[in-house]
Amino acid sequence: MTTRINGERLLRDLYELRKIGEYKTGVHRPTYSPEDVQSRHWLAARLSAAGLDPEIDGIGNVLGRARGEGPKLLLGSHVETQPHAGWLDGALGVLYGLEVARTLGGGIDVAAWADEEGHFGSFIGSRSFCGMLTDTEIDTLHNREGTALRDALAQAGFADRPRAMVDPARYRGYMEAHIEQGAELEDTGKRIGIVTAIVGSHRFRILFEGVQNHAGTTRMSIRKDAGVALVNLAHAIYQRFPAVVGPRTVWTTGRITLDPGAASIVPGRAEMVFQFRDTDPALLAKLDGELETLVADANRGPCTVTIAERGQSTPQSMDAGFQDALERAAELHAPSLHVRMPSGAGHDAQILAERMKSAMLFVPSIGGISHHYAEDTKDEDIVLGCQVFADAAAEIIANGTNVG
Ligand SMILES: [Zn+2]
């Protein structure tokens, strides 16, 4: 089945949305800022014009529901941005949803999930929709400026609205299109990425305790230097991990602090923030074990080393049948220019996957740049991606029994 999307109409909408909060060649639309709220109302009006019933709910999710009977496919992403960031991160997937809804003329619900970019919390919009966000958690969240989520919702005019909850029986599943935000597609000359799984991350705060002392008078042999203990562990990780990780595992020491951090003081305390990511839960568990072993080894030195805090997200596999539908559409419109790949970044699809079959499509990011105002994708890639997305959506809606 081929259903022609209107590429010019799609680009026109993307350019119009880009004007709301325009910053250089990008966009500044933090969650619940006046520009973000304006973009949500703009989208609701667009959904209405497309014949969908629009709603902005109590967490700021924008939902456009298709009228009529029959199974629906939910398409979405987000409209808020990182500070002074790009114009396509999120907006692309939402407006693909709108364009596919207009093209297919039924069977498509469209969503813009609130705060995927994490200004207030972790995936609060999609988690709210999936029944995974409590009012107690909403009470506790605030952004970096200290604004409480409750106050931001009130300011935005969303506080008194009910929160929309998913009805899994309504949906065949969820699909999200997104810019790749990396350079793999561009570097390999591909134009479409079909996401196999979204990585999970394990995150740690590791504390080192030694003894703070004078850098001139404390002999090396009696020092308990927390900074040295930290550097040694970091080095041990980078020595050990390559032997046990998978081909796509990534690991990062994102922050190191020495306390008190002065030139003439042996650090008494140190802290390192460390994470690793992969799509394989068994491998993530194995790396947990490796890290435990390295921390135990580090404790044989003069300092005490403890893992002070852990956080983690679970990897999510994308639905195999949906991946096949995307691949068939990609092969039709871009023969051999598509590839299956994991997503190294988190997306709302990993939350929706807890409730329904989910899949993701990537289009190339020029130079692999994202979370920066220079973020961009070629017009022809934007249009191609939407066409592939539309064909896959049409197949899933029309022929659900053969999919999945
Ligand atoms: Zn995004």
> Assuming R0 = 45 Å, what is the FRET efficiency of ARG144 and SER221, from their Cβ-Cβ distance, to the nearest 0.05?
Replying inline: 0.50
> What nm distance separates the two modelled labels at ASN399 and THR188, each placed 7 Å from Cα along Cα→Cβ?
Replying inline: 2.6 nm
> In the full protein assembly as shown, how much of TRP251 is accessible to a 1.4 Å probe, in Å² to the nearest 10?
Replying inline: 60 Å²
> In whole Å, what is the distance between the alpha-carbon centres of segment 201-253 and segment 167-197?
Replying inline: 37 Å
>> On C-alpha positions alone, give me the angle between the axis of helix 34-49 and the longest principal axis of the chain, in degrees, nearest 10.
In response: 30 degrees
>> Cut-off 10 angstrom, C-alpha nodes, Gaussian network model of the chain. Which of PRO242, PRO34, PRO342 fluctuates the most?
In response: PRO242
> For the pair ALA374 and GLU8, what calculated FRET efficiency results from E = 1/(1 + (r/R0)^6), where r is the Cβ-Cβ distance and R0 = 25 Å, to the nearest 0.05?
Replying inline: 0.55
> Under a GNM of the chain (C-alpha, springs under 10 Å), which listed residue has the highest mean-square fluctuation: HIS235, HIS78, HIS28?
Replying inline: HIS235
>> Once R0 is set to 25 Å, what does the formula 1/(1 + (r/R0)^6) return for the Cβ-Cβ distance between THR252 and ALA308, expressed as a FRET efficiency to the nearest 0.05?
In response: 0.90
> Remind me, relative contact order of the chain in percent, using alpha carbon pairs under 8 angstrom and six or more residues apart?
Replying inline: 22 percent
> Over segment 88-182, what is the relative contact order in whole percent, taking alpha-carbon pairs under 8 Å and six or more residues apart?
Replying inline: 28 percent
> So what's the projected area for segment 99-230, the Cα convex hull averaged over all directions, in nm²?
Replying inline: 15.9 nm²
> In segment 19-86, which trypsin sites (Lys or Arg not before Pro) are in a loop and have at most 16 other Cβ atoms within 10 Å, using DSSP for the loop call?
Replying inline: LYS19, LYS24, ARG67
> Which of these, PRO364, PRO54, PRO260, has the largest mean-square fluctuation under a Gaussian network model of the chain (Cα springs below 10 Å)?
Replying inline: PRO260
>> Treating only the Cα positions of segment 227-295 as identical point scatterers, give the base-10 log of I(q)/I(0) from the Debye formula at each q in 0.17, 0.19, 0.21 Å⁻¹.
In response: -0.65, -0.76, -0.88
> In square angstrom, what is the accessible area per residue of the chain with a 1.4 angstrom probe?
Replying inline: 42 Å²
> Between ASP53 and ARG328, what length in nm is gained on full extension when 0.36 nm per residue of separation is reduced by their alpha carbon distance?
Replying inline: 95.9 nm
> What translational diffusion coefficient, in µm²/s and rounded to a whole number, does the Stokes-Einstein relation yield for segment 245-404 at 4 °C and a viscosity of 1.567 mPa s, taking the hydrodynamic radius as the Kirkwood radius over Cα pairs?
Replying inline: 66 µm²/s
>> As an exercise, identify the trypsin sites (Lys or Arg not before Pro) in segment 270-323 lying in DSSP coil whose Cβ has no more than 16 other Cβ atoms within 10 Å.
In response: ARG300
>> Step by step: find N for the chain, compute 2.2 N^0.38 Å, then divide the Cα radius of gyration by it. What's the final number?
In response: 1.09
> Residue separation times 0.36 nm, minus the C-alpha to C-alpha distance between THR134 and VAL211: what's the value?
Replying inline: 23.4 nm
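First compute the accessible area of the chain with a 1.4 Å probe, then give the percent of it belonging to carbon and sulfur atoms. Don't skip to the answer; put the middle values down first.
Numbers: 8400 of 16860 Å².
Answer for the chain is 50 percent, counting heavy atoms of protein chains only.
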>> Give me P(r) over segment 1-80, computed from all C-alpha to C-alpha distances, binned every 10 Å, as integer percentages.
In response: 16, 44, 31, 9, 0
>> Less than 17 Å apart at the alpha-carbon level, and either on another chain or at least 8 residues along: which lysines does that give for LYS357?
In response: LYS72
>> Please enumerate, by chain and number, the lysines with C-alpha under 19 Å from the C-alpha of LYS190, excluding those fewer than 8 residues away in the same chain.
In response: LYS378
> In a Debye calculation with equal point scatterers on the alpha-carbon sites of segment 67-165 and no solvent, what is log10 I(q)/I(0) at q = 0.16 Å⁻¹?
Replying inline: -0.78
>> Past the 18 angstrom mark, what percentage of all C-alpha to C-alpha distances in segment 180-284 do you count?
In response: 61 percent
> To two decimal places, what compactness ratio does segment 343-389 give when its Cα radius of gyration is scaled by 2.2 N^0.38 Å?
Replying inline: 1.35
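Length gain on complete extension for the stretch ARG161 to GLU69, per 0.36 nm per residue less the alpha carbon to alpha carbon distance?
Gain on stretching ARG161 to GLU69: 30.5 nm.
Of all DSSP beta bridges located in the chain, what percent are antiparallel, nearest 5? If you can, show how the numbers build up before the last one.
Details: 44 of 64 bridges.
Here the share of antiparallel DSSP bridges comes out near 70 percent.
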> In segment 1-99, which GluC sites (Glu not before Pro) are in a loop and have at most 16 other Cβ atoms within 10 Å, using DSSP for the loop call?
Replying inline: GLU69
> Plugging the Kirkwood radius over Cα pairs into Stokes-Einstein for segment 160-237, at a temperature of 25 °C and a viscosity of 0.890 mPa s, what D comes out in µm²/s?
Replying inline: 126 µm²/s
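The values are calculated or read from the model by the stated rules, or taken from the named source; none is laboratory data. Given the structure is predicted, the values throughout are model-derived calculations rather than measurements. Heads up, the Cβs are rebuilt from the backbone with ideal geometry, glycines too, and the neighbour counts pull from every protein chain shown. Keep in mind that these areas ignore ligands, DNA and RNA; they rest on the heavy atoms of the full protein, side chains included. Shrake-Rupley method; radii C 1.70, N 1.55, O 1.52, S 1.80 Å.
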